[in-house]
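Report on the structure given below.
The values are calculated or read from the model by the stated rules, or taken from the named source; none is laboratory data. None of the values given here were measured: they were computed from a predicted structure. Here the Cβ positions follow ideal geometry from the backbone for every residue, glycine too, while neighbour counts run over all protein chains shown. Each accessible area value is taken on the protein alone, full model and side chains, heavy atoms only, with ligands, DNA and RNA left out. Shrake-Rupley method; radii C 1.70, N 1.55, O 1.52, S 1.80 Å.
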Amino acid sequence: MARTPPRADLTELRRRKALLRDDARPEKLARRHEAGRLTARECLERLVEPGTFVEYAGHVIAAQRARRELDDLLVATAGDGVVAGLADVNAGTVERPAAAVLSYDYLVLAGTQGMAGHLKTDRMLDVIERTRRPVVFFAEGGGGRPGDTDGAKVAGLDLMTFRSFARLSGAVPRVGVAAGYCFAGNAALFGMCDITIATTGSSIGMGGPAMIEGGGLGVVAPDDVGPVEVHLAGGVVDVVADDDEQAVTLAARSLSYFQGRSGTWTAPDTEALREVVPENRRRAYDVRGALRGIADEGSVLELRPRYGRGMVTALARIEGRPLGVIANNPMHLAGAITSEAADKAARLLRLCDAYGLPVLSLCDTPGIMVGTEAEKTGLVRRAAGLFTAGATLTVPMVTIVLRKGYGLGAMAMAGGGFHVPLVTAAWPTGEFGGMNLEGAVRLSMRRELDAIADPGEREAAFERAVARSYERGKALSVATYGEIDDVIDPADTRALVAATLWAGPPIVASGRPF
């Protein structure tokens, strides 16, 4: 039986579909690959499960019909520089793999934002808000595009894209990826994301070189606008990737913490926790070792590692279940809570509260930072912000005091007070007080110590007083007063956290914007 010739309408549809592929722009594709970069569609192909991507508005073209031919627009402005749709991400490894994905397409008008692209993005954001799907957003591009001619618009400041994306705060988790140049509108969307990933060599800024020069601020090379090192120090970027491939992997991993429990996990060697805190109470140590001994192997994703160095914030899993972590870092200012550290911890608490992740707090702090220089950083307001974030937390918290639990800083690490968490426990190395022991002794015994003429005898008297204070303030002593719930073998920490967090009712996300 002779085959029926293909219908003209299907033939045209297939032609149009082919124009959406990267190979419809071979020269730009070749340059992209020569630069060692993946395209928008290649990133999405690696991110989503095969066969699950439902693309939205792929046939949209730039609003430039008044000055360009249709065939030219179909090739040069495919999708108006935006690829968007629904798909599964992390299928087979998490409970809820459904997600939304959006990407500006650098092969099309350098990923700039056009009128049609905004309408397309707005449609996608409406679908996301209604379906409550988490989002991965690739934000590479140069911001707004001045070349669109169709439609009765002057400035276009009535568009809703930025408001719509901002409204998703607390409603759905948003993971942003910046690679290459991410300027103006693209940077604004990237900055709204809950988790931000940037590749080494990327440049991110609220205005690109043209806008900077147009504002009379000099001539700046694109790579110098906002290097990733600047944004790591400033807390804009949560995680750095070596290249596009790793950025996609990190995007999927970041999203997974908001997609429910993982079915496979490996427990760490918990006995190693007994060696994390040195016997010498004045020696510093890396608190990340404690976290690695508590969380599932390979599950810890640290956020903003070079911002607020005195605080470690991370996402992790225990027995496959996701949670957030705040931890004092004794390697930086002995773990004192600075303005940046307070902001960093408060944001992690709000993130967890919005999306229903319980919190593990690892406390080892001499308190909130003091001094004239510290006060110049807005410390009073920012430290208060950490207390507010803890006091309004609706998800469960467990606080483990590894060593120092002093003053307001220790209270802030426990949501505002040691009886706020579901459980507040300490390792045997724990020590407690209204302020650090040495400082308390020097203040309370200043007159007595000053009266001792011999320096050696004075120092010996000081050390004896500190030892007495330590005996009164050590974990096993404080536990007898009921100020903490338990003193535990460090090797039992993981089991305690798991038993506490998962034994109660289902954890509910607050959905509050933050």
Tilt relative to the chain, helix 493-503 - C-alpha long axis, 0 to 90 degrees, to 10: 60 degrees
For region 1-74, size of Cβ-based charge dipole, Lys and Arg +1, Asp and Glu -1, in debye: 140 debye
Whole-percent carbon and sulfur share, accessible surface of region 198-308, 1.4 Å: 51 percent
Mean separation of Cα contacts under 8 Å (6+ apart) over length of region 44-140, as relative contact order %: 30 percent
Cut-off of 10 Å, at most 13 other beta carbons, DSSP loop: longest stretch of the chain lacking such GluC sites (Glu not before Pro): 298-514
Partner lysines for LYS120 [C-alpha distance under 20 Å; skip if fewer than 8 residues away on the same chain]: LYS17, LYS153
Contact order relative to length of region 104-230, as percent, for alpha carbon pairs under 8 angstrom and 6 or more apart: 23 percent
Estimated FRET transfer efficiency when R0 is 35 angstrom, pair ALA503-ASP286 (beta carbons, to 0.05): 0.70
Backbone HN-Hα couplings from phi across region 318-324 [Karplus 6.51/-1.76/1.60, Hz, Gly and Pro as x]: 10, 6, x, 8, x, 7, x
Acute angle (nearest 10 degrees) that the helix 244-256 long axis makes with the longest principal axis of the chain, alpha-carbon atoms: 60 degrees
For region 18-25, Karplus couplings with θ = phi - 60° (6.51, -1.76, 1.60), whole Hz, Gly/Pro x: 5, 6, 7, 6, 4, 6, 6, 10
Between 0 and 90°, nearest 10: helix 379-391 axis offset from the chain longest Cα axis: 80 degrees
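In percent, what relative contact order does the chain have, based on Cα pairs under 8 Å that are 6 or more apart in sequence? Provide the component values of the computation, followed by the final result.
Numbers: 1065 pairs, mean separation 51.3, N = 514.
Reported as a whole number, the value is 10 percent.
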Neighbour net charge for VAL239 - beta-carbon separation under 10 angstrom, K R +1, D E -1: 0
Theoretical gain in end-to-end length, TRP265 to ALA491 [0.36 nm per residue, Cα-Cα removed]: 79.5 nm
Portion, in percent, of the accessible area of region 53-177 that falls on carbon or sulfur, probe 1.4 Å: 56 percent
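Using a probe radius of 1.4 Å on heavy atoms only, what accessible surface per residue do you get for the chain? Whole Å² is fine.
Values: 23140 Å² over 514 residues.
Accessible surface, normalised per residue, equals 45 Å².
How big is the charge dipole of the chain about its Cα centre, in debye rounded to the nearest 20, if each Lys and Arg gets +1 on its Cβ and each Asp and Glu gets -1 on its Cβ?
Working: 59 positive and 63 negative charges, 227 e Å.
The dipole magnitude comes to about 1100 debye.
Going by the alpha-carbon gyration tensor, a ≥ b ≥ c the square roots of its eigenvalues, is region 1-153 rounded (a/c under 1.5) or, if a/c is not under 1.5, prolate (a/b greater than b/c) versus oblate? Don't skip to the end; give the middle numbers.
Details: a/c = 1.43, a/b = 1.12, b/c = 1.28.
Judged from the Cα gyration tensor, region 1-153 comes out rounded (a/c under 1.5).
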For region 93-204: rounded, prolate or oblate by the Cα gyration tensor [a/c cutoff 1.5]: oblate
Part-to-part distance (alpha-carbon centres) for region 126-143 and region 294-325, which is given in Å: 25 Å
